[in-house]
1. Relative contact order for segment 1-60: what is it in percent, counting Cα pairs under 8 Å that are at least 6 residues apart?
2. With r defined as the distance between the Cβ atoms of residue 80 and residue 140 and R0 fixed at 22 Å, what FRET efficiency is calculated, to the nearest 0.05?
3. Spin-label point model (7 Å from Cα, Cβ direction): what's the residue 10 to residue 55 distance in nm?
Ligand SMILES: [Zn+2]
């Protein structure tokens, strides 16, 4: 599936399904989703993908509150500890060397599903000194934090 930006569409399809399940027939007013920076999700792309995924479900037209959690990059080289939503990747030279493996093929422009899962700490560099001797923690959250339903049930919804 060339050109598909796997991350957002796949995530949103999953979220829409879960929300539709929870809604049990109610309309959804708004949702709050927490996503760690390590998932490299673009907020705008996420909202678009979500409204597409939610079409025809209970979450159609729901407002999306996206909460991004930072990653913490601890650098061995300069000793700094940086919290960032946008951790720098290792140098382009490094990335190109890795991508060129496939006999001169141009590096893929988009990450597809599998590649998305490979974005671990190996990919990052220190935001201060650009060293790649870093330890990366946090930023891998992926959670549906809250769902607000349109207020209409007089009987409180059953909690399961
Ligand atoms: Zn550093």
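1. It rounds to 58 percent for segment 1-60.
2. Values: r = 21 Å, r/R0 = 0.95.
After rounding to 0.05, the efficiency reads 0.60.
3. Each label point lies 7 Å from its Cα, and together they span 2.2 nm.
Values in this text are rule-based calculations from the coordinates and carry no lab data. Quantities reported herein were computed from a predicted structural model and do not represent experimental measurements. All Cβ positions, even for glycine, are placed from backbone atoms using ideal geometry, and neighbour counts span all protein chains on display.
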